[in-house]
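The values are calculated or read from the model by the stated rules, or taken from the named source; none is laboratory data. These numbers come from a predicted model, not from an experiment. Heads up, the Cβs are rebuilt from the backbone with ideal geometry, glycines too, and the neighbour counts pull from every protein chain shown.
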Amino acid sequence: MSSRLRSNLWGYLFIGPFIIGFLAFTITPMLASLYFSFTEYGLFDAPKWIGFENYIKMFTEDPRYINSLKVTIIYVFAGVPLRLAFALLVAMLLNVGSRAVGWYRTLYYLPSLIGGSVAVAIMWRNIFGDDGIVNIALKSMGIDSIRWFGEPTAALWMLIFLSIWQFGSSMLIFLAGLKSIPASFYEAASVDGANFIQKFFRITLPMLSPVLLFNIIMQTISAFMTFVPAFIISKGTGGPLDGTLLYSLYLFKQGFEYFNMGYASAMAWVMLLIVAILTGIIFLTSKYWVHYESEGK
Amino acid sequence: MTKKRPQYFLYHILVGGFAVLLLYPVIWLFVSSFKESGDIFITAGSLIPNPFTLLNYAQGWEGFGGYGFGTFIKNTIVFVIWMLLGHLISCSLIAFGFARLKFVGRGFWFMIMLVTLMLPYEVVMIPQYIIFSELGWLNSLKPLVVPAFFGHPFFIFLLVQFIRTIPRELDEAATIDGANTFQIFYKVILPLIVPALATTAIFTFYWTWDNLLGPVLYLNSPEKYTVSMALNMFLSNETVSNWGAMFAMSIVTLVPVFVIFFIFQRYVVEGISTTGLKG
């Protein structure tokens, strides 16, 4: 056996599981779901080809779909920037030489650690209840209590707050990024008379931009797919008045509650398209705002 | 950083106070789990359970459908063990292949792997469900754990990055000593990637422990429920009287997460800071 053949054989032996898994659990289901998206497919009957009907119906005849898209877009575009801004702010506060920072870092990370669990979603549901601690706090500040479960916008913001609350993992990433910025940059800027805001926009933000890009992409994608909090907090309904009917939840309901498997598949492909477009936009515009050190000046 | 005393004091008031504010809901959940169910929302503003009771824990532990909460914990541990086995074995093999072996199509497959990293699960969810139901795998852990034996892109990527930092001279020395490729993997690389495997194991634990969508899709009899599924059922059956039990069992499911974190904190923090894994 030639050594080239042998090394190819070893290579495919090792990555073989990935290829088999990719074919069986990713590409085959993907093609199947693409096919289903052009069919009417219930639980008991065979898929029936209907062309683009599912896609057309989504945007013309299904107000719940349009609403879930709207709700998800608000959730993503309010939640992700706020969460990242928060993460950056806290990371900068913690990027000091104090000995207590290790402790603070741990404390701030804890919400992120447990945030994806059902337990936390249950907790969130209860602190925002009519007699919950959020309303108690609002009242003590002289603000009228809010019926978080009575009004769609309030309910959606309750979900957004939960997402912001979990800023800890981004904060850790930013903290690592901040530590890698040489102190000499700031010292030189101070000598030149730069103030805090100038230093932030001219040094911190550009130096952090690759990390920021990565975080924006990954968090936008995962925010788009958020399921657990909406499912638990609304007890699977997406209510009130579909205010928390995030895309994933509506897709799940179409597929596994109403058994419109074809329609749900079409929804999944639109979701894939949206995620791909968003990622593309972030990548393409990144050359205007991401600064890689190796580029030089 | 040199700071004057008052400034230093102010910093800790601000940063420490904010941390307490952030964790207040968790503290509230913990304290409330020791209050009498009827009192939880009447005395929601107070952090002292009066009277203090363990009744919620006793009631919650009884579970439902004839199965105690212990059963759900046991099921989840079995689920976690299978996921750990699957991810550790498959991801280390695959990562070694990508990081160390030269073969035709390596770049192509690596790129495919990175793309699947960003693929929404929803796109494969329905056909996967149909495939697994055709195989007769519904109401079992198989649809959830079998795919784990074929790698997970996040962990493969993490391990590839880690293996690339190991000097190739070690592999070459082993080859001169007569080791074949598998022996290089097993005897040289594997012992050196233990920290990255620890990160893989910890995050596999977290994601499996918290996984709700999988169990909701595939498990439908109470004797097979995982803890997240059990909590979800608690919530669906929510009546005014069993808040306390639900809070108590919520705390029970959070304890292992905290314990693992405090034991292996270093790996968690490093895993996140170096790869952007989501906690």
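Values computed for the structure shown
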read-out	value
Subset of region A:168-210 [among the small types (Gly, Ala, Ser) and closer than 23 Å to residue A:283 by Cα]	A:169, A:170, A:176, A:177, A:209
Given (1) in a helix (DSSP H, G or I); (2) surrounded by fewer than 15 Cβ atoms within 10 Å (Cβ to Cβ); (3) facing another protein chain (nearest Cβ under 9 Å), index of the condition residue A:70 fails	(3)
Flag for residue B:79 being modelled with pLDDT of 95 or more and aromatic (Phe, Trp, Tyr)	yes
Region A:232-268 - residue that is buried (at least 20 other Cβ atoms within 10 Å of the Cβ) and within 7 Å of chain B (Cβ to nearest Cβ) and, of those, nearest to residue B:123 (Cα to Cα)	A:268
Matching residues in region B:196-226 - criterion: being part of a loop (DSSP other than H, G, I, E, B) and within 11 Å of chain A (Cβ to nearest Cβ)	B:211, B:212, B:226
Those helices (runs of 4 or more DSSP H) lying entirely in region A:144-233 with at least 3 residues in contact (Cβ under 8 Å) with a residue 60 or more places away in the chain and among the hydrophobic types (A, V, I, L, M, F, W, C)	A:152-165, A:168-179, A:205-224, A:228-233
Top-ranked residue of region A:125-137 - restricted to ones that are within 7 Å of chain B (Cβ to nearest Cβ) and at pLDDT 85 or above, ranked as surrounded by the most Cβ atoms within 10 Å (Cβ to Cβ)	A:127
Exclusive hit being over 22 Å from residue B:98 (Cβ atoms) and out of contact with any Pro (no Cβ under 7 Å at 6 or more places or on another chain), set A:51, A:11	A:51
Only listed residue being of a type outside the set (A, V, I, L, M, F, W, C) and facing chain B (nearest Cβ under 8 Å), chosen from A:97, A:42	A:97
Sole exception among (1) surrounded by fewer than 18 Cβ atoms within 10 Å (Cβ to Cβ); (2) within 12 Å of another protein chain (Cβ to nearest Cβ); (3) touching an Asp or Glu at 6+ places or on another chain (Cβ under 8 Å) for residue B:117, by number	(3)
Any hit, region B:237-244, residues being surrounded by 22 or more Cβ atoms within 10 Å (Cβ to Cβ) and part of a loop (DSSP other than H, G, I, E, B)	no
Among residues of region A:74-103, those that are more than 22 Å from the chain's Cα centre (by Cα) and surrounded by 20 or more Cβ atoms within 10 Å (Cβ to Cβ), counted	1
Output for region A:138-166, where each listed residue is among the hydrophobic types (A, V, I, L, M, F, W, C) and facing another protein chain (nearest Cβ under 9 Å)	A:165
Lone qualifier among B:193, B:163, B:251 - being modelled with pLDDT of 90 or more and over 21 Å from the mean Cα position of the chain (by Cα)	B:163
The one condition in (1) within 14 Å of chain B (Cβ to nearest Cβ); (2) within 27 Å of the chain's Cα centre (by Cα) that residue A:205 fails to fulfil	(1)
Pair list, Cβ under 7 Å, 6 or more apart: region B:1-18 residue at pLDDT 85 or above, other residue of a type in the set (A, V, I, L, M) and part of a helix (DSSP H, G or I)	B:15/A:93
Selection from region B:139-155 of residues that are part of a helix (DSSP H, G or I) and either within 12 Å of another protein chain (Cβ to nearest Cβ) or among the β-branched types (Val, Ile, Thr) (or both)	B:143, B:144, B:145, B:146, B:147, B:148, B:149, B:150, B:153, B:154, B:155
Qualifying residue in region B:192-212 (condition: in contact (Cβ under 8 Å) with a residue 24 or more places away in the chain, crowded, with 17+ Cβ neighbours inside 10 Å and more than 29 Å from residue A:227 (Cβ to Cβ))	yes
So residue A:119, is it of a type in the set (Gly, Ala, Ser), within 8 Å of another protein chain (Cβ to nearest Cβ) and without any contact (Cβ under 8 Å) to a residue 40 or more places away in the chain	yes
Condition check for residue B:42: of a type outside the set (D, E, K, R), at pLDDT below 95 and surrounded by fewer than 16 Cβ atoms within 10 Å (Cβ to Cβ)	yes
Test: residue in region A:155-175 that is loosely packed, with under 14 Cβ neighbours inside 10 Å and small (Gly, Ala, Ser)	no
Filter result (surrounded by 14 or more Cβ atoms within 10 Å (Cβ to Cβ) and at the interface with another protein chain (Cβ under 8 Å from one of its Cβ atoms)) within region B:78-108	B:90, B:93, B:94, B:96, B:97, B:98, B:101, B:103, B:106
Which listed residue, of B:149, B:132, B:154, is touching a His at 6+ places or on another chain (Cβ under 9 Å) and of a type in the set (A, V, I, L, M, F, W, C)	B:149
Count of residues meeting criterion [within 10 Å of chain A (Cβ to nearest Cβ) and over 14 Å from residue A:126 (Cα atoms)] in region B:1-45	15
Test: residue in region A:37-49 that is in contact with a Phe, Trp or Tyr (Cβ under 8 Å, 6 or more places away or on another chain) and under 30 Å from residue A:213 (Cβ atoms)	no
Conditions (1) within 13 Å of chain B (Cβ to nearest Cβ); (2) assigned to a helix (DSSP H, G or I); (3) within 30 Å of residue A:176 (Cα to Cα); number of the one not met by residue A:88	(1)
Pairs where the first residue, in region A:8-25, is facing chain B (nearest Cβ under 7 Å) and farther than 14 Å from residue B:108 by Cβ and the second is at pLDDT below 95 and surrounded by fewer than 20 Cβ atoms within 10 Å (Cβ to Cβ), C-beta under 6 Å, 6+ apart	none
Meets criteria (modelled with pLDDT of 85 or more, more than 17 Å from the chain's Cα centre (by Cα) and at the interface with chain A (Cβ under 9 Å from one of its Cβ atoms)) for residue B:229	no
Top-ranked residue in region B:4-51 [being more than 23 Å from residue B:254 (Cα to Cα) and outside any helix (DSSP H, G or I); ranked as farthest from the chain's Cα centre (by Cα)]	B:4
